[in-house]
Amino acid sequence: MYTDKVMDHFQNPRNVGEIENANGVGEVGNAVCGDIMKIYLQVEDNRIVDVKFKTFGCGAAIATSSMVTEMVKGKTLEEALEITNQAVAEALDGLPPQKMHCSNLAADALHKAIQDYRSKLAG
Amino acid sequence: MVQLKRIYLDHAATTPVDPEVLEAMLPYYVESFGNPSSIHSFGRETRKALDQARATVAKEIGAAEPSEIIFTGSGSESDNMAIKGVALSYREKGDHIITSAIEHHAVFDTCKFLEKQGFKVTYLPVNGEGLVNPADLKQALTDKTILVTIMHANNEVGTIQPIAEIAKILKERKILFHTDAVQTTGSIPVDVHELGVDLLSLAAHKFYGPKGVGVLYARKGIRLTPVIHGGAQERNRRAGTENIAGIVGLAKALELANQKLPETSKSLTELRDYLIDNVLQKFEYVRLNGHRTRRLPGNANFSFEFIEGESLLLNLDLKGIAASSGSACTSGSLEPSHVLLGMGICHEIAHGSLRLTLGKSTTKEEIDYVLEVLPEIVNKLRAMSPLYNNPQRKECASCTLTK
């Protein structure tokens with residue numbers, strides 16, 4: 001059901017945890033299936049220098065959270081905003097169709113964290 | 001390379017075929033292959049096996065006569081046949097059916113289907129342990145009630161319902177009573193006379209018989225509109241050439257299960273309690289779902305707060321342990337188990353359920369292995385969860401968790 005890449009990220013999730021003084025935090029959840037993802041960003045000079053996540057959810061939810069943190073590290077905010085849920089799923093060699101809907105919220109969480117950073121910056 | 005242990009703790013889903021059962025079945029694939037509806041010697045041979053199996057099943061469940069046994073393709077088919085069959089045959093008498101909120105989908109969805117056909121269905125609530133209150137049933141009865149269908153024991157949480165007590169109420173009112181005994185047959189005593197039911201469903205693969213064969217017991221005199229039309233098999237109640245090898249296997253498996261029932265039930269109950277006691281002791285924020293003692297011998301069902309069930313299952317599988325969960329992500333729908341929600345368990349906690357169902361081959365060493373690997377998995381997932389150690393998390397008033 002899950003690809004080897006999904007299982008790899010599920011078994012060995014990258015960048016798990018919190019950033020103590022994160023300057024951007026985004027949390028999203030699927031109210032029905034219950035998955036919750038929280039992404040912490042450390043942005044310096046418009047570039048994501050550190051990223052961590054915490055997730056309550058199924059295998060797909062954990063794997064997509066892990067993958068998005070890998071994809072986004074070192075990118076500018078503009079580049080990061082171009083990452084979509086679809087791109088995260090593709091980077092994992094695909095997800096079962098029902099998981100796209102309920103468990104692939106990773107890019108949404110990332111975008112929300114960027115918004116949070118920008119709104120803080122704007123004061 | 002170290003060989004990974006493989007531990008099967010999903011016996012409520014299915015059981016392996018007992019070698020003795022398989023041995024009884026084998027001649028009916030290549031040697032005695034005749035169609036039991038044929039009048040030649042090949043057909044007569046399998047007809048004999050069919051009659052014998054029917055008599056065995058009747059005896060094993062306390063039916064008055066073999067003609068009360070209808071062989072079907074599964075427990076789900078038996079449930080469908082009982083509910084739709086009665087509903088369609090007795091429609092002139094009434095259009096009201098009563099069931100519970102925590103039935104298996106084979107019953108639940110059949111009732112939903114009948115609602116669309118104009119029947120009225122009452123879904124009785126259950127308490128936090130999954131028990132139906134007979135007083136609620138009494139209150140729900142109307143002059144139009146034609147059928148009550150309440151499961152003998154729940155497939156997810158293992159709670160055993162007060163079937164005999166309910167049967168007494170219904171007998172006085174002359175209302176037909178069906179019970180889905182798919183999870184109980186072979187695990188606890190199932191006797192249609194003692195239970196007082198008019199219809200009962202069971203399936204072979206839950207008690208070390210083959211998959212794809214079930215039974216509907218229907219007390220003599222009950223009218224049943226067929227669900228499958230075609231031939232005149234099963235006294236015109238279920239068309240289709242009988243699955244002879246499967247039926248022979250079902251009868252043999254039931255005989256064996258009942259013979260060994262007292263000893264397997266005792267040892268499974270001991271192992272189950274050992275597992276439950278240890279899990280409740282080892283973890284905080286864990287809940288036992290279902291009744292503490294009034295439950296199936298091999299059933300243990302827990303909810304681990306802050307964790308999602310599928311992640312728990314995948315991690316256990318990576319350690320070689322096969323289990324199941326009522327989590328939304330394993331059900332194919334987005335909603336977690338309707339059984340857990342029906343018991344008043346909130347969404348967050350229902351998502352983190354884990355069902356471990358033990359079987360006759362389960363050993364204490366296997367349970368110890370589960371108890372050894374589970375803390376590492378639970379701790380890893382909780383450390384990853386944004387809900388754990390979150391002071392703002394919502395407390396679920398209806399769910400009591402050990403802390």
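The values are calculated or read from the model by the stated rules, or taken from the named source; none is laboratory data. Everything numeric in this text was worked out from a predicted model, so none of it was measured. Backbone-built Cβ (ideal geometry, glycine too); neighbour counts: all protein chains shown. Heavy atoms of the whole protein, side chains included, go into the accessibility calculation; ligands, DNA and RNA do not. Shrake-Rupley method; radii C 1.70, N 1.55, O 1.52, S 1.80 Å.
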**Fill in**
The relative contact order of chain B, taking Cα pairs under 8 Å that sit 6 or more residues apart, comes to a percentage of 21 percent
**Helix-only CD estimate at 222 nm, as mean residue ellipticity for chain B, using -39500 (n - 2.57) per DSSP H run (n ≥ 4)** = -12500 deg cm²/dmol
**Request:** Quick one: grab the alpha carbon gyration tensor of the stretch A:4-122, order the square roots of its eigenvalues as a ≥ b ≥ c, and give me rounded if a/c is under 1.5, else prolate or oblate depending on whether a/b is larger than b/c.
**Result:** prolate
**Message:** On a 1.4 Å probe surface of the protein chains, which of B:Glu270, B:Glu92 comes out largest in accessible area, and what is the full order?
**Reply:** B:Glu92, B:Glu270
**Request:** List the pair-distance distribution P(r) of the stretch B:49-167, using every Cα-Cα distance, as the percent of pairs falling in each 10 Å bin from 0 up to the bin containing the longest distance, rounded to whole percents.
**Result:** 12, 39, 36, 13, 1
**Prompt:** Averaged over peptide B:304-317, how many Cβ atoms belonging to another chain are found within 10 Å of each residue's Cβ?
**Reply:** 4
**Message:** Per residue, how big is the convex hull of the stretch B:1-90 when only Cα atoms are used? Give it in Å³.
**Reply:** 178 Å³
**Item:** Calculated diffusion of chain B, Stokes-Einstein form, Kirkwood radius summed over Cα pairs, 37 °C and 0.692 mPa s, µm²/s
**Value:** 148 µm²/s
**Prompt:** Using modelled amide H (1.01 Å from N, peptide plane; none on Pro or chain starts), what sits under 5 Å from the amide H of B:Ile321, excluding residues fewer than 5 places away?
**Reply:** B:Ile7
**Asked** When chain B is modelled as a GNM with alpha-carbon springs shorter than 10 Å, which of B:Leu141, B:Leu224, B:Leu371 fluctuates the most?
**Response** B:Leu371
**Asked** What list of ³J(HN,Hα) values in whole Hz, one per residue of the stretch B:133-138 in order, does the Karplus curve 6.51 cos²θ - 1.76 cosθ + 1.60 (θ = phi - 60°) give from phi, with Gly and Pro shown as x?
**Response** 9, x, 5, 5, 5, 3
**Prompt:** How large is Rg/Rh for the protein assembly as shown, to two decimals, with Cα atoms and a Kirkwood Rh?
**Reply:** 1.05
**Request:** With the Cα gyration tensor of the stretch B:114-261 in hand, convert its eigenvalues to equivalent ellipsoid semi-axes via √(5λ) and list them largest first in whole Å.
**Result:** 27, 21, 14
**Asked** Where in the stretch B:103-183 are there trypsin sites (Lys or Arg not before Pro) that are in a DSSP coil and have at most 11 other Cβ atoms within 10 angstrom of their Cβ?
**Response** B:Lys174
**Message:** Among B:Glu68, B:Glu335, B:Glu308, which one shows the highest mean-square fluctuation when chain B is modelled as a Gaussian network with alpha-carbon springs under 10 Å?
**Reply:** B:Glu335
